[in-house]
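Participant: Just dropping this structure here.
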Amino acid sequence: MRTEERSSLLGRVAGSPLVRLIVRRVLIAIPLLFAISVLVFALLEAMPGDPARQQAGMDATEEEVESVRKRLGLDRSPVERYVSWLLGFLTGNLGRSTVSGQSVAVLVGERMAVTMELVLLAFALSLVIALPIALLAARKPGGVFDRIVMVISMTLLAVPNYVLALLLVLVFAVSLRTLPAIGFVPIEDGLWENLRSVTLPVLALGVPISCFYARFLRGDLVEQMNSADYIETARAKGVGPWRVLWVHAFRNSSFGLLTLVGLNVGGLVGGTIIIEQIFAMPGLGMMMLQGAMSRDVAVVQICVFIFAAVAVFANLVVDVMYAVLDPRIRYGSR
């Protein structure tokens with residue numbers, strides 16, 4: 001009986017629209033990530049210069065350069081080298097950096113914590129800023145607070161994050177001398193010092209995105225409040241204005257915000273490449289940029305793969321949250 005119940009349960013799980021959605025998205029993600037890895041490898045191959053000559057030194061003899069080329073595997077064809085990298089990746093062997101000679105897996109493990117902390121804190125900060133501001137602005141559209149919010153958000157959206165980063169350094173590190181301009185302090189060396197070291201890069205990453213979220217959410221909330229029939233019904237029943245805004249309008253507007261968040265995760269992760277350089281943060285973004293400049297294929301390949309996988313995973317989570325928040329969405333029929 002237990003076997004039959006287990007089989008029945010597995011059958012219901014396998015037939016669930018949500019499970020089919022996840023499987024379908026994963027099957028789409030696999031060839032997408034494969035295509036990205038091929039494209040990155042081809043672009044690195046097309047870059048001018050000889051990595052073997054660069055590592056051996058400009059004064060090295062041809063024999064020394066050829067020795068470095070064989071050691072790095074550059075004497076093989078591009079197809080052979082890519083297949084070797086792909087097979088190594090699938091078996092957990094990420095190879096070694098052609099510049100430092102260190103294991104790429106070790107380098108990624110050391111750097112990933114820095115980048116993930118920046119991304120997660122910037123993402124949390126963007127929502128913490130955007131949600132209350134959008135709700136307050138949508139409460140009285142066209143009011144003083146709404147106009148101030150729109151002007152400030154438009155101004156900050158027009159400023160690139162690297163320019164904002166330099167302005168933050170000028171104000172908080174140079175003028176006020178309250179926060180460090182460069183460097184990263186691990187959490188194990190002290191939580192307070194860790195937070196101080198990441199405050200400026202997190203602000204540079206999170207503030208522009210929070211403005212984008214706030215503008216979008218405010219506009220969608222105002223549209224819901226002015227035209228949706230269910231809002232008029234709630235008001236007719238005597239529901240208070242804040243409850244109408246938060247419970248009724250925000251729930252429907254959250255779907256659009258979810259889509260926007262999923263689409264912006266890739267941009268948020270990509271923004272770390274510049275921000276980590278400005279603040280000298282030893283994360284994946286800095287490692288990838290340095291690897292691209294030195295044509296360290298193994299390093300660049302895995303960094304791009306991680307960034308792409310994060311973006312794909314974020315969109316998968318958004319799709320799943322759609323199904324959870326609104327069961328009327330029939331993913332299984334698509």
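Rule-based calculations on the coordinates, nothing more; no lab input. These numbers were taken from a predicted model, which means no experiment stands behind them. For neighbour counting, all protein chains shown are included, and Cβ atoms are generated from backbone atoms with ideal geometry for every residue, glycine included.
Participant: At 222 nm, what helix-only mean residue ellipticity would the chain give, in deg cm²/dmol to the nearest 500, using -39500 (n - 2.57) for each DSSP H run of four or more? Could the numbers behind the result be given before it?
Facilitator: On the way: 13 runs with 245 residues, N = 334.
After summing the helix terms and dividing by the residues of the chain, the value is -25000 deg cm²/dmol.
Participant: Further question: If amide hydrogens are placed 1.01 Å from N in the peptide plane, which non-local residues have theirs closer than 5 Å to the one on Arg96?
Facilitator: Val104
Participant: So if R0 is 35 Å, what FRET efficiency would Leu195 and Thr91 give, r being the distance between their Cβ atoms, rounded to the nearest 0.05?
Facilitator: Working: r = 39 Å, r/R0 = 1.10.
Computed FRET efficiency for Leu195 and Thr91 comes out at 0.35.
Participant: Helices from the chain with mean Kyte-Doolittle at least -0.5 and a Cα length along the axis of 20 Å or more, per DSSP H: which?
Facilitator: Helices meeting the criterion: 17-46, 104-139, 144-158, 191-227, 250-278, 297-325.
Participant: What's the FRET efficiency of Ala309 with Arg71 using the Cβ-Cβ distance as r and R₀ = 30 Å, to the nearest 0.05? Before the final figure, lay out the partial values.
Facilitator: Working: r = 30 Å, r/R0 = 1.00.
Approximately 0.50, to the nearest 0.05.
Participant: Specify which labelled value, from (i) 18.8, 55; (ii) 19.0, 58; (iii) 24.9, 86, agrees with Rg and Dmax of the Cα atoms in Å derived from the coordinates of the model shown.
Facilitator: Given (i) 18.8, 55; (ii) 19.0, 58; (iii) 24.9, 86, the calculated one carries the label (iii).
Participant: Per residue and in Å³, how big is the convex hull formed by the alpha-carbon atoms of the stretch 144-298?
Facilitator: 170 Å³
Participant: Give me Tyr162, Tyr82, Tyr213 ranked fewest to most by other Cβ atoms within 10 Å of their Cβ, as a rough exposure proxy. Let's see the in-between values first.
Facilitator: Working: Tyr162 14, Tyr82 18, Tyr213 22.
Ordered by Cβ neighbours within 10 Å, fewest first: Tyr162, Tyr82, Tyr213.
Participant: As a footprinting exposure proxy, order Ile133, Ile231 by other Cβ within 10 Å, with the fewest listed first. Provide the component values of the computation, followed by the final result.
Facilitator: On the way: Ile133 22, Ile231 18.
Ordered from fewest to most neighbouring Cβ atoms within 10 Å, Ile133, Ile231 come out as Ile231, Ile133.
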